[in-house]
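Report on one structure; see the data block that follows.
The values are calculated or read from the model by the stated rules, or taken from the named source; none is laboratory data. Here the structure is a predicted model, which means the values were calculated and not measured. Reconstructed Cβ throughout: ideal geometry from the backbone, glycine too, with neighbour counts over all protein chains shown. When the accessible area is computed, the model is the full protein with side chains, heavy atoms only, and any ligands, DNA or RNA have been set aside. Shrake-Rupley method; radii C 1.70, N 1.55, O 1.52, S 1.80 Å.
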Amino acid sequence: MSTAPDRRSRKRQATRQAISDAATRLFIERGFDQVTVDDIAEAADVGRMTVFNHFQRKEDMFFDRDAEGRELLLAALAAKSPQLAPLEALRRLAHQLVQEQHPALAFSARSASFVIAVGASEALKARARAIRGELEAALAQALAHSAGRVAPDADAELAASLLLACWSTAYLQAHQRYRISADEAQAQAVFLTRVEQGHAAVQAALAGTPYV
């Protein structure tokens, strides 16, 4: 009974991925602001309305993996043992993702092109800020829940804001190192060093709370 829905789901996902892949290729080749939705539809061999059926805005095609990154953070908190502090669970997650060479923390020519494209587009920078705001709110709620507190919680909000600032800075500085060295191992080392420094500062700021 589930064969037809499963087939439709797979087909829908394949179409979405084809649109995303075509959009990413065009964004990197031409620059985000120089690519239209019609260009993407043509490259993906779909209609304009099909594109909008899968993506609300053009920026969402660029940041099509932001939901995956959010789930990684929230899942780490949801799955942690009661004995493990929430901040420590997220610190360990950073190391785990680097060790596993997860795409979310890839340092390569492709990911460097992604970072450069964001910096070159006001529309993408604005969307990145909006995504970060949404992620900060979700992370603060998850932190509060993991510590047995009721959201909104001021300490959880501070922790979420500081943590995201830490990870964002670490990610950008790691890419700066990659552009100089073209060495992924060096970029990973920079990322983890900054994460460790940032987490130490966050833990100091949240000392005496259940987040540490």
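Given the options 41, 76, 14, name the one that is among the aliphatic types (A, V, I, L, M) and closer than 24 Å to residue 115 by Cβ.
On the way: 41 fails: closer than 24 Å to residue 115 by Cβ; 14 fails: closer than 24 Å to residue 115 by Cβ.
Answer to the check: 76.
Can you give me the number of residues within the range 155-188 that are over 19 Å from the mean Cα position of the chain (by Cα) and surrounded by 15 or more Cβ atoms within 10 Å (Cβ to Cβ)? Show your work before the answer.
Within the range 155-188, the first condition is being over 19 Å from the mean Cα position of the chain (by Cα), and the residues that meet it are 155-156, 158, 177, 179-183, 185-186.
With the extra rule that they be surrounded by 15 or more Cβ atoms within 10 Å (Cβ to Cβ), the set shrinks to 155-156, 158, 177, 186.
Selection size over the range 155-188: 5.
Which residue out of 64, 33 is under 17 Å from the mean Cα position of the chain (by Cα), of a type in the set (Asp, Glu) and at pLDDT below 95? Break it down stepwise before answering.
On the way: 33 fails: under 17 Å from the mean Cα position of the chain (by Cα).
Checking each option against the conditions leaves just 64.
Name the single residue that is nearest to residue 181 (Cα to Cα) among those in the range 80-135 being open to solvent by 50 Å² or more (accessible area, probe 1.4 Å) and of a type in the set (A, V, I, L, M).
By that ranking, first place goes to 109.
Cβ contacts < 8 Å: first residue on the phi > 0 side of the Ramachandran plot, restricted to the range 161-186; second residue open to solvent by 40 Å² or more (accessible area, probe 1.4 Å), any location; separation 6+ or different chain. Result?
Close Cβ pairs satisfying both conditions: 182/109.
Scanning the range 28-73 for residues that are among the polar types (S, T, N, Q) and assigned to a loop (DSSP other than H, G, I, E, B), which turns out most open to solvent (accessible area, probe 1.4 Å)?
Our first condition is that a residue be among the polar types (S, T, N, Q); within the range 28-73, this holds for 34, 36, 50, 53, 56.
Now narrow it down to the ones that are assigned to a loop (DSSP other than H, G, I, E, B): 36, 56.
Values: 36: 67, 56: 142 Å².
The extreme case among them is 56.
Considering only residues that are free of Cβ contacts under 8 Å to residues at least 12 places away in the same chain and open to solvent by 70 Å² or more (accessible area, probe 1.4 Å), which ones fall in the range 13-27?
Initial filter on the range 13-27 (free of Cβ contacts under 8 Å to residues at least 12 places away in the same chain): 13-14, 17.
Residues satisfying the conditions are 13, 17.
For the structure I just gave you, tell me whether residue 152 is surrounded by fewer than 20 Cβ atoms within 10 Å (Cβ to Cβ), touching a residue at least 60 places away in the same chain (Cβ under 8 Å) and not aromatic (Phe, Trp, Tyr).
Working: surrounded by fewer than 20 Cβ atoms within 10 Å (Cβ to Cβ): yes; touching a residue at least 60 places away in the same chain (Cβ under 8 Å): no; not aromatic (Phe, Trp, Tyr): yes.
Criteria not met by residue 152.
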